[in-house]
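Below: the structure, in structure tokens.
The values are calculated or read from the model by the stated rules, or taken from the named source; none is laboratory data. Treat the numbers as computed from the prediction; the structure is a model and nothing was measured. Every residue, glycine among them, receives a Cβ derived from its backbone with ideal geometry; neighbour counts consider all protein chains shown. We work out accessible area using only protein heavy atoms, side chains counted, and drop any ligands, DNA or RNA first. Shrake-Rupley method; radii C 1.70, N 1.55, O 1.52, S 1.80 Å.
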Amino acid sequence: MKYDFTRIEKKWQDNWEVTKPYAAITGDPRPKFYGLIEFPYPSGQGLHVGHPRPFTAMDIVCRKRRMQGFNVLYPIGFDAFGLPTENYAIKNHIHPAVVTKNNIKTFTEQLKMLGYGFDWDRCVDTTDPKYYKWTQWIFLKFFENDMAYKTTMPVNWCTGCKCVLANEEVVDGVCERCGSPVVQKEKSQWMLRITKYAQRLIDDLDDLDYINRVKIQQRNWIGRSEGVEVDFKVNTGDTMTVFTTRADTLFGVSYMVLSPEQPFLDKWKDQIQNWDAVDAYRKEAARKSDFERGELNKEKTGVRLEGITVTNPANGETIPVFVSDYVLMGYGTGCVMGVPGHDQRDWDFATKFGLPIIEVVAGGDVTKEAYVAKEDGIMINSGFMNGMTVKEAIPAMKDYAEEHGFGKRKVNYKLRDWVFTRQRYWGEPIPLVNCEKCGWVPIPESELPLELPMVESYELTDDGESPLSKMTDWVNTTCPKCGGPAKRETDTMPNWAGSCVYYVRYLDPHNDKEFASKEAMEYWMPVDWYNGGMEHTTLHLLYSRFWYKFLYDIGVVPTKEPYQKRTSHGMILGEGGEKMSKSRGNVVNPNDIVAQYGADTLRLHIMFIGDFEKAVSWSNEAVKGSKRFLDRVWNLGERCTDDENISPEHEALIHKTIKKVSEDIDELKMNTAIAAMMTLVNDFTSKGCTKGDLEVLLKLLSPFVPHIVEELWEMKGFAEKYGKMCMQMDWPSYDESKLVEDSVEMAVQVAGKLKGTVVVPMDSDQDTVMAEAQKLEKVQRSMEGMEIVKVIFKQNKILNLILKPKK
RNA sequence: GCCGCCAUGGUGGAAUGGCAGACACCGUGGACUUAAAAUCCACUGGGAGCGAUCCCGUGCCGGUUCAAGUCCGGCUGGCGGCACCA
């Protein structure tokens, strides 16, 4: 009989839909395992061939855990608010809610087509009011605990569309839609105080099992640095405070720089003699993004503030002040001390403006470039620090500054508070009203969810406000506190809001009294293993850790951290290694692969294709190899003997394969697990196999290709024999004693060059191996006229002879 | 620019510091077939040689080591992120 994957896959998917073998049971006495993948954004293009990579890998892990006796939760949902849907809706005049509903339907069908073991009864959709009720509830908790506050922040403003743009919509400084210039405009925004959690977000990484590069990226993003805030007296009578980690270079300061947004500039308007030039520079800088401003290789620009000087508190010298856009307002105080001798950006700036370059650490040539001094550099031209090493000088100057009252120690973080509002329609409404008398007032919890009104017009407004602001009957309301007239907040939450705690909602998705029951959270949390893209490391992953920690602090969730383990997958690229994109026309649709080869082949191939952590390019040709493998497995089902025992000739390889596959799945090395199974199948195909051999193979294959396995399992009578599906059987175990081979092939080298191999009994000693090695013709030839100086012998591995000519 | 990561045959990739190229794809030759597809068998890193065999080979330059794809230093190229894409 032919391997009719279409019929088989349909048959088993229909079966699973009814028998629900993937249902997770809260409170079950078996050990629990919570496997999580990042829930997809349901885009209009449907599932992309990149999606199945992480989904299949975690599916395999979860299926193996089930066979190992775990109560497994592997849930799925949709992160459905967001910009692309809204823009699609505007362009095609279809309401975003309708677009979302259709997209989710397509995604659901496609995911089911791939046979994933998701517990579909727990599916969540972030745009469902029953879901975002809890996002809003959490926002109210932030608000109550003074973790949310309003401030003005610059936003991208399209001068053509008259609306706020996302960074992604700004291409080379112009709007991607209309091509008009984009400028920075101040806008009032809700912020979340993630910075309050900066230290804990760093410290608590230590106890987590995240891959190292994720930890490093998060630590660097939070960017803790220990330094000093130094006060410089300004001739206007003000005090200018700068943060520096290099207090040791204070004697090398030859100028100061302010960020164009620094409030001092407006304050000093009357004292700055060249105000027009300064103001023009400031306006020019407002057009640029932080990213453009930060580029090191670009030419430094700036304007001197004529009439303004400051005094260096270390040596009393008077130094000039500039405004320049390489200083950002967002980090530190927006004021920077210029040390051109020892910082390349400062050196470039000083060189351009003809400022003195003072060498304070010996060892470089500051007339040619900045000398970035190391810890053991020796201080010069630095008063009391002369002769100290940099390492000694840093704390010495910190002490000196504190003693003399012009500085104090300070820990700074690069992490910034989180801008939590968007002037958009397709997001969760913020459950606050603004009352003239009472200010910002939360709506009562009993009124949650505050539903997003189903409006006709969700187009962007031309005043930069959210589309909701035009809905006056929705906006105008009464104050829950005083009953007076009030207006609703019309901005919405960013897409990130929905993804911060979705993994908690999965635990108890139909609960309308609580976010999730205590029982469910205590049973399931933390997530045992969360796999997702590296691109989410510093935003989603950090944001969600922050939300979860806050919920822990207010007693809502039971653990300090949401995810115990984090791994990351590489991208699937198009043929030729290019990113898959519509414009390149190289997007592979999983439906096509499934139609041509079946879901099992797609699952197998996407795992076989390469190292899970690395980017890999898709090849339509290569899929055939995976299909051929499944054809061979199918044929074994027809050809194996009726003997229910494991055949002695395959026993060693079977045990070796069980070990390899078991270990590789836990390390996400699915490609080598599959290669090992291919080797086993090749052996079975060439030598023949028993029904007993096949039984083990089917169990090993079950997590990878569940449909074909269940079909063969049933066909060969195992289903009847055991009364279970293969996926419900125990995971096969291997016997260490069966793995030990009685002989081993060892490499023989002369002076590190391979001369041949010898087969010797396992654990042979050096003399035995030496005796065998000297029988090799090539070894004998190499040794002619030579004597052995040294022998390197590693048991069961290698024998290396170091020779020299005989005298 | 800053932070992180990566680089191995024609291709995807494999290799606790110890026989580079497992397992596949492509290709070549053969079997089967009226023929093709499918399947099966053999070969398949580069170079020299009839051959035994020899030389070269893991992005580039240097180092450590008996031994380096693997460790260290310096480059080059590519990828991810840079806070309003998800």
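Figures for the structure shown
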read-out: Highest-first arrangement of A:91-102, A:664-675, where packing means the average Cβ count within 10 Å; value: A:664-675, A:91-102
read-out: Listed residue (A:Leu573, A:His536, A:Asn312) projecting farthest to the positive dipole end of chain A, Cβ model; value: A:Leu573
read-out: Within segment A:340-398: Cβ-based charge dipole about Cα centre, in debye rounded to nearest 20 (Lys, Arg +1; Asp, Glu -1); value: 120 debye
read-out: Segment A:632-677 - charge dipole about Cα centre, Lys and Arg +1 at Cβ, Asp and Glu -1, debye rounded to 20; value: 260 debye
read-out: Segment A:518-609: C-alpha gyration tensor shape, a/c 1.5 cut-off, then a/b vs b/c; value: prolate
read-out: DSSP beta bridges in chain A [antiparallel fraction, %, rounded to 5]; value: 75 percent
read-out: Span-rule helices in chain A, defined as complete DSSP H runs reaching 18 Å or more along the axis (Cα) with Kyte mean at least -1.0; value: A:52-67, A:96-113, A:129-144, A:390-403, A:540-553, A:623-639, A:648-666, A:670-687
read-out: Overall form of chain A per C-alpha gyration tensor (a/c, 1.5; a/b vs b/c); value: oblate
read-out: Gain on full stretching of the segment that runs from A:Cys482 to A:Ala615 - 0.36 nm per residue minus C-alpha separation; value: 42.1 nm
read-out: Long-range HN-HN contacts of A:Ser180 with modeled amide H, under 5 Å; value: A:Gly160, A:Cys175
read-out: Cβ-based charge dipole, segment A:727-779, positive-most Cα from A:Thr768, A:Val740, A:Met729; value: A:Thr768
read-out: Highest average packing first - A:752-764, A:193-205, Cβ atoms within 10 Å; value: A:193-205, A:752-764
read-out: Estimated inter-spin distance, A:Ala280 and A:Arg632, nm [label 7 Å along Cα→Cβ]; value: 7.6 nm
read-out: Label-point separation, A:His93 to A:Asn381 (7 Å along Cα→Cβ), nm; value: 7.0 nm
read-out: Sequence-distant residues sharing a close amide H with A:Lys755 (under 5 Å, placed H); value: A:Val748, A:Gln749, A:Val750
read-out: Protein accessible area in segment A:363-515, 1.4 Å probe - carbon and sulfur %; value: 49 percent
read-out: Accessible area (Å², per residue) of segment A:712-807, counting only protein heavy atoms and a probe of 1.4 Å; value: 63 Å²
read-out: Relative packing of peptides A:362-372, A:317-327 - highest average C-beta neighbours within 10 Å first; value: A:317-327, A:362-372
read-out: Global form of segment A:469-540, assessed from the alpha-carbon gyration tensor, a/c cut-off 1.5; value: oblate
read-out: Residues whose placed amide H lies under 5 Å from that of A:Leu573, excluding near-sequence neighbours; value: A:Val616, A:Ser617, A:Trp618
read-out: Dipole magnitude of chain A about its Cα centre (Cβ charges: Lys, Arg +1; Asp, Glu -1), debye to nearest 20; value: 760 debye
read-out: Extended-chain gain in nm, criterion 0.36 nm per residue less alpha-carbon gap, A:Asp512 and A:Ser188; value: 113.3 nm
read-out: Two-site FRET efficiency, A:Asp231 against A:Lys414, from Cβ-Cβ distance with R₀ of 35 Å, rounded to 0.05; value: 0.95
read-out: J(HN,Hα) series, segment A:719-729, from Karplus relation 6.51 cos²θ - 1.76 cosθ + 1.60, nearest Hz, glycine and proline x; value: 4, 6, 4, 9, x, 9, 6, 4, 5, 9, 6
read-out: Table column - 3J(HN,Hα) (Hz), segment A:186-201, Karplus curve with 6.51, -1.76, 1.60, x for Gly and Pro; value: 6, 8, 6, 9, 7, 10, 10, 7, 5, 4, 4, 9, 3, 5, 5, 5
read-out: Linear extension gain, A:Thr106 paired with A:Thr239, 0.36 nm per residue minus alpha-carbon span; value: 41.8 nm
